Amino acid sequence: MSPLSPPTPGIPPASPNAAPPRTASAALAPAPAGSRPPALRWIALLAVLLMAALTAAVSAQPAHAEPKEKYVVGTDTTYAPFEYTGSDGDLEGIDIDLLNAIAKDQGFEVEIRPLGFDAAVQALSSNQVDAVMAGMTITDERKESFDFTDTYFVGGVQFAVPESSDISSLDQLKGETVAVKNGTTGKDFAEENKDKCGYTVDTYQETTDVVDAVKSGHAVGYFDDYPVIAYGITQGSGFKQVGDPQGGGDFGAAVNKGKNAEFREKFNAGLKNLKKSGEYDTIVEKYVGAQGSDGGGEQAQKPDRSVLTVITDYWPQLLHGVWLTFLSTVVALVLAFVLGIIFGFARLARFAPFRWIATAYVYVFRGTPILVQAFFIFFAIPQMFPDLKMGPFVAGAITLTLNTGAYMTEIIRGGIQAVDSGQTEAARSLGLGHRKTMQKVVLPQAFRIMIPTFVNQGIITLKDTSLLSVIGLAELTYQSRQIIATTYMSSQVLVVVAFLYFAVITVLTLLSQRLERKYAV
Amino acid sequence: MSEQTSPSGQTSAPGGAGAGGATKGAGERPEKIVVEGLRKSFGDNEVLTGIDLTVKEREVVAIIGPSGSGKSTFLRCLNRLEDPTGGSIVIDGADLSGRKVKIDEVRQRIGMVFQHFNLFPHMTVLENIMLAPTQLGKCSANEAEQRARTLLDRVGLAEKADAKPASLSGGQKQRVAIARALAMEPEVMLFDEATSALDPEMVGEVLQVIRDLAENGMTMILVTHEMGFAREVSNRTIFMDGGVIVEAGTPEEIFGDPQSERLKDFLAKVL
């Protein structure tokens, strides 16, 4: 597999404001409430279109490698001011602006995928992306796996505490707990100094979590790169800086060792031009202020921090999150239903190997956490089979489908077995064959029995989509974390998001109750 | 076991004293069901230990006996709802134990009525009756509906055609079940304790339908607990116990002059 292959077409980008996957939205559109098309028909259409999308996503590979004009760059999801989602729903930040300006200067295209820091690095290792630019400090350790561009920003680790805190130096941290984000230089710094200062380090996955851990009292403060802290303060995070930035730290974009050299060259050339033209300074000052580290008193008035603000300012993102949550749920439920029928019947088959296969499927996918399955499908499979690269939506939908399918299998098996055996006997005694008996007598009754369980599973699946935010599927939970990262309004955002989940699930529950009543025996 | 009578001997000499005119000349009529040495085990438990029975056209055979004697299992073997473990069953010339037998086709010629009706709850009464004829291509949907309505009329339920089974009484359900079985125009009808699950006041209506069938010359085997009815409607009564036919004869012989101790014992308890 050439590392120079262009990004696979047909994969919906993970960017939160990207258009929803075209195939799936087209399939959903012709299902208006009034005209009542046979439900099965559009479900089938949806399934077909999704299959087509999957096929396109995994099959399109280049025949030859020529100097490319488009690079896929992985980045963090919430690492303000380097990358975060702005109030208009677009990805913003120093990394984003610099990368776009460099691309413009050098005349190449760039597709930026906010995957999360760990995920972006993993995606780079597995050639899912061409480069990573995510506020990444150049270290000797990282140089062993990656080649870095020139330094585009000089950082440094700083400690931040809530404004009300009376901690004013690291010496006061004895016996306390501090928070850091996994994989950052802030964490390295914290670990290096923890024996000296006598604090305990709690590690979190996202900056948002780190900040919230301090706000909720799980930690007294956090270590992070000073621009991150400085930016947060300008956004009303309610923190203050303790001491000066430590240890410098050169930020660079990374490519896999020995690969994509021309990306590095163009990046370096573009960076030089931007610095010369002054555009570089303009971009950086926009996010951390002219002096960078001395956040201080020039902070703007605090923005309105009510729940209502979250809704009025961020409704396009929230709506998009609801849409992707809904879409991935529907796609997964439809396909899982098909899987459930296949494996459900296999579980009841007379031919023993069918039973073994179906049982193995159920045990594997019911016996492992969906989070592990998502990581496996998104990260591990492309490393084993480079042709099976998938975007977050496709990978997420597959994960959800396989996971839900295992439960569907058991629901369908149970439903069929719950139909009184006298029904089968009556049908068979009339001379109906096994197939007709199933079709006309057993299944119609089994499905009636299954409806409440289906509804239950549908709700579980819908809620499980939130776990897929870890692979960059831009559903509702993912969006909420983006918004929290920019606004530091975690409680307000979480209230809104919880309400949205609740509302969607309530609507679906009411719909299904009508269905249940309609098909009541 | 000396009291065990030979079933084949009974069929060849049915005696002229059967109930109703249908028995006359039974000797010349073709054999509809021939069972020889039928055995059935569930695991280590042998429920039928060798049954021989021949039933001729238009004959009505009632099977009585204590519960657990194998009556129902025997009946269910006749359309292979249970697979026999030994012996042979020939129905209307088709050998059920043969490997080539198309069991679904044979079953179309054998109607069966169950203790618990087993109506299809998701269909209307009419759909219940029409299902098999239309699905099996026996006739067009129109014909099937016409016949279904005729049958419903025959069992006195013409006005229930569009009702769902859940809205019917037990007796009505069982009459629909009989109509459903008759829709395939079977050669033989099997009744598996058709009135056992009914409230007493509904037994009569179902028995009346069965009585009509008997008078119209349907070949039938009834497993029943209704001794009076068995005596009235059958031309031959069979007493089963412990997985074998202990005694067989005309209803007058079985009920009026029981030979074996077991039958005497049984009748003393139920009559």
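The values are calculated or read from the model by the stated rules, or taken from the named source; none is laboratory data. All of these numbers come straight from a predicted model, not from anything done at the bench. Here the Cβ is made from the backbone with ideal geometry for all residues, glycine too, and neighbour counts use every protein chain on show. Surface areas here come from the heavy atoms of the whole protein model, side chains and all, with no ligands, DNA or RNA. Shrake-Rupley method; radii C 1.70, N 1.55, O 1.52, S 1.80 Å.
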### Message
Given the whole protein assembly as supplied and a 1.4 Å probe, what does the accessible area of residue B:122 come to in Å², nearest 10?
### Response
30
#### Entry: Mean Cβ neighbour count within 10 Å, used as a protection proxy, ranking A:148-159, A:388-399 highest first
A:388-399, A:148-159
### Message
Compute a Gaussian network model of chain B, connecting alpha carbons closer than 10 Å, and tell me which residue from B:198, B:168, B:151 fluctuates the most.
### Response
B:168
### Query
What are the ³J(HN,Hα) values, in whole Hz, obtained from phi via the Karplus relation 6.51 cos²θ - 1.76 cosθ + 1.60 with θ = phi - 60°, for each residue of the range A:449-458 in sequence order, with x given for Gly and Pro?
5, 7, 3, x, 5, 4, 4, 4, 5, x
### Message
List the aspartates and glutamates whose Cα sits under 15 Å from the Cα of residue A:187, skipping any in the same chain fewer than 8 residues away.
### Response
A:118, A:141, A:195, A:202, A:206, A:209, A:224, A:225
### Task
Tell me which residues come under 5 Å, amide H to amide H, from residue A:221 once H is placed; ignore anything under 5 positions away on its chain.
A:179
### Message
For a quick check of understanding: with a 1.4 angstrom probe and all protein chains in place, what accessible area in square angstrom does residue B:134 have, to the nearest ten?
### Response
50
### Message
Under 8 Å for C-alpha pairs, at least 6 residues apart: give me the relative contact order for chain B, rounded to a whole percent.
### Response
28
### Query
Dipole size in debye (nearest 20) for the protein assembly as shown around its Cα centre, Lys and Arg Cβ +1, Asp and Glu Cβ -1?
2520
### Summary
Residue-normalised value, i.e. accessible area per residue, for the protein assembly as shown at 1.4 Å probe, in Å², stands at 43
### Query
Across peptide B:175-186, what mean number of C-beta atoms from other chains lies inside 10 Å of a residue's C-beta?
1
## Note on the structure
With DSSP loop assignment and no more than 15 other C-beta atoms within 10 Å, the GluC sites (Glu not before Pro) in the range A:111-160 are A:144
### Task
Per DSSP H run of at least 4 residues, take -39500 (n - 2.57); add these up for the protein assembly as shown, divide by its residues and hand me the 222 nm value, nearest 500 deg cm²/dmol.
-14500 deg cm²/dmol
#### Entry: Contact order normalised by residue count of the range B:16-160, Cα under 8 Å, 6+ apart, percent
17
### Task
Please report, as a whole percent, how much of the solvent-accessible surface of the range B:40-147 comes from carbon and sulfur atoms (probe radius 1.4 Å).
42
### Task
With a point put 7 Å past each Cα toward its Cβ, work out how far residue A:218 is from residue A:90 in nm, to one decimal.
3.4
### Query
Which residues does a label at residue A:177 reach in the range A:197-221, if reach means a backbone N under 18 Å from a point 7 Å past the Cα toward the Cβ?
A:198-221
### Message
So for each of B:250-257, A:245-252, A:405-412, B:93-100 I average, over its residues, the number of other beta carbons within 10 Å; can you give me the resulting order with the highest mean first?
### Response
A:405-412, A:245-252, B:250-257, B:93-100
## Note on the structure
Looks like the range B:91-224, by Cα gyration tensor root eigenvalues a ≥ b ≥ c and the a/c under 1.5 rounded cutoff (else prolate when a/b is bigger than b/c, oblate otherwise), is oblate
### Message
Only sites in a loop by DSSP and with at most 11 other Cβ atoms within 10 Å count here; which trypsin sites (Lys or Arg not before Pro) in the range A:123-218 make the cut?
### Response
A:174
### Per-residue average of Cβ from other chains inside 10 Å of A:419-426
5
#### Entry: Protection-proxy order for peptides A:218-230, A:322-334, each taking the mean of Cβ atoms within 10 Å per residue, highest first
A:218-230, A:322-334
### Task
Return the sequence-ordered ³J(HN,Hα) values of the range B:146-160 in whole Hz as given by the Karplus equation 6.51 cos²θ - 1.76 cosθ + 1.60 applied to θ = phi - 60°, using x for Gly and Pro.
4, 5, 4, 5, 4, 5, 4, 4, 4, 8, x, 10, 3, 7, 9
### Query
With contacts defined as alpha carbon pairs under 8 Å and 6 or more residues apart, what's the relative contact order of the range B:112-267 in percent?
21
## Note on the structure
On complex formation of A with B, accessible surface lost, both sides summed, probe 1.4 Å, nearest 100 Å², amounts to 1800
#### Entry: Of A:518/B:173; A:518/B:138; A:196/A:240; A:440/B:164; A:181/A:275, those spanning more than 21 Å from alpha-carbon to alpha-carbon
A:518/B:173; A:518/B:138; A:196/A:240; A:181/A:275
### Task
Pop out the ³J(HN,Hα) list for the range A:481-497 in order, Karplus 6.51 cos²θ - 1.76 cosθ + 1.60 with θ = phi - 60°, rounded to Hz; leave Gly and Pro as x.
5, 4, 5, 4, 4, 8, 9, 6, 9, 5, 5, 4, 5, 5, 4, 4, 5
### Cα gyration tensor category, rounded, prolate or oblate, for the range B:163-271 with a/c compared to 1.5
prolate
## Note on the structure
For the range B:96-123 the residues that are at least 20 Å² less accessible with all protein chains than alone, 1.4 Å probe, are B:104, B:107, B:114, B:118, B:120, B:121, B:122
### Message
Tell me whether the range A:371-514 comes out rounded, prolate or oblate; compute the Cα gyration tensor, take square roots of the eigenvalues as a ≥ b ≥ c, and use a/c under 1.5 as the rounded threshold.
### Response
oblate
### Query
Going through the range B:203-234, which GluC sites (Glu not before Pro) have at most 12 other Cβ atoms within 10 Å and a DSSP loop state?
none
#### Entry: Sites residue A:305 and residue A:510, calculated FRET efficiency, Cβ-Cβ separation with R0 41 Å, nearest 0.05
0.75
### Task
Scan around residue B:238 for amide H atoms under 5 Å from its own, H built in the peptide plane at 1.01 Å from N, and keep only partners 5 or more places away or cross-chain.
B:62, B:63, B:64
### Task
Using amide H atoms built 1.01 Å from N in the peptide plane, name the residues 5+ places from residue B:97, or on other chains, whose amide H lies under 5 Å from its own.
B:89
